[in-house]
Amino acid sequence: MSPDTSHREDVEGLVGAYLRGQESRVDAERILVGVRLKSSTQAGTQGRRSSSRMTRAAARWTAAAAAVVMIGFIWTFRQSTAHAEAVKLVREAREALEKTPSDRAYRIQIDLAPRAAEKSPFLAALATYDCRLWTRSNRFWIEGRHAGHVWSWGRDSLRHVWVAPARDLGLDFPPETVPEPLDEALDLFSFDLDAILHLLATDFDVAPLGKGSDAASDVTRIRGTPRSDRPRPRLRSITVEIDDRTKIVRQVVLSRLKDGSPVGEVSFTFDRAESQPDAVYQLATHLDPDAPVRGPDQRLRRRRELVRFFGSLLLKGE
């Protein structure tokens with residue numbers, strides 16, 4: 001064996017002995033336990049960090065949800081309070097109404113929806129007239145004036161509808177014989193303030209809209225819409241203006257419907273309250289003493305005169 005070979009074997013023997021010595025000092029099981037413990041510690045730390053982040057996120061969502069609930073509660077409370085205040089004012093107006101004369105006069109303004117005007121030129125013609133209304137419960141009479149043309153119609157205590165195209169002619173219609181165009185007009189002009197206030201207080205969702213159009217007056221505007229469980233096929237909404245001091249209803253705006261489509265708005269502005277004789281709601285009061293009256297016994301002549309009256313409204317309303 002050469003010296004180089006002997007020397008290399010000695011070196012390798014020494015290295016091998018050193019490695020075996022190091023191996024005898026290493027506890028593999030202890031190292032494995034340490035590695036597992038470290039891994040577990042790191043996972044726990046990461047889990048706690050993740051859990052902490054989830055906790056903070058949950059806290060933020062909880063706070064946001066609480067804020068939403070609080071806002072909803074405040075909004076609901078305010079809506080409920082506003083509704084209660086509006087109903088209270090409506091009831092006070094109804095109480096004040098009972099203390100005033102039952103006969104009241106109103107100025108009428110008609111604002112028809114565009115399509116309604118196209119479908120019903122008769123109602124569009126009526127909108128051009130200066131109309132005044134006297135009413136007592138379900139009785140009323142209306143006078144219309146335009147370009148020298150004066151007419152009147154109304155409903156008496158027997159619910160007969162009457163028309164006076166002029167003072168020299170009268171038309172009388174029992175309730176079951178009222179033709180459709182006239183019935184549409186009557187529906188448009190129909191006005192019973194006590195019944196309206198009752199609807200607002202019991203069957204409608206109501207809310208205050210603020211002060212009236214006249215900034216100098218102490219008037220509160222209230223709007224009511226039919227409740228979903230109590231629909232009104234001919235009525236979209238009711239808006240009233242009530243004097244805060246006297247509780248007098250200064251104005252009523254009825255938003256009308258027909259077959260689910262808007263017809264228009266009819267405004268009734270209070271003029272005065274003053275007792276009237278029963279006769280003012282009857283046809284005879286609005287005719288000359290010798291004027292003929294076409295009734296159920298003259299249906300053809302009555303129809304002819306009504307068509308002529310409608311035609312005159314259309315011609316003068318253009």
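Remarks
- Based on protein heavy atoms only, the range 72-214 ends up with 49 Å² per residue of surface accessible to a 1.4 Å probe.
- Solvent-accessible area, 1.4 Å probe, carbon plus sulfur percent, for the range 216-318: 47 percent
- Gain on full extension, evaluated as 0.36 nm per residue between His146 and Lys211 minus their Cα-Cα distance, stands at 20.1 nm.
- Local net charge near Cys131, Cβ-Cβ under 9 Å (Lys/Arg +1, Asp/Glu -1): +1
- Once the chain from Asp130 to Glu274 is taken as fully extended at 0.36 nm per residue, the excess over their C-alpha distance is 49.8 nm.
- Using a probe of 1.4 Å, the accessible surface attributed to Thr246 totals some 40 Å² when neighbouring protein chains are kept in position.
- A Förster radius of 51 Å, combined with the Cβ-Cβ distance separating Asn138 from Thr81, puts the computed FRET efficiency at roughly 0.90.
- When the range 130-169 is described by a simple charge dipole with +1 on each Lys and Arg Cβ and -1 on each Asp and Glu Cβ, the residue from Ser157, Leu133, Leu169 located farthest towards its positive end is Ser157.
- GluC sites (Glu not before Pro) within the range 220-287: DSSP coil, no more than 16 neighbouring Cβ in 10 Å: Glu274
- Rounded Å value of the spacing that divides the Cα centres of the range 154-196 and the range 232-251: 23 Å
- Beyond 22 Å in Cα-Cα separation lie the following of the pairs Lys119/Lys258; Lys88/Lys211; Lys99/Lys211: Lys99/Lys211.
- Surface composition of the range 79-172: carbon plus sulfur atoms contribute 48% of the solvent-accessible area (1.4 Å probe, protein chains only, all chains present).
The values are calculated or read from the model by the stated rules, or taken from the named source; none is laboratory data. Keep in mind that what you see is a predicted model, and the values were worked out from it rather than measured. Methodologically, a virtual Cβ is constructed for each residue, glycine included, from the backbone with ideal geometry; neighbour enumeration extends over all protein chains shown. To get the accessible areas, we keep the full protein, side chains included, count just its heavy atoms, and leave off ligands, DNA and RNA. Shrake-Rupley method; radii C 1.70, N 1.55, O 1.52, S 1.80 Å.
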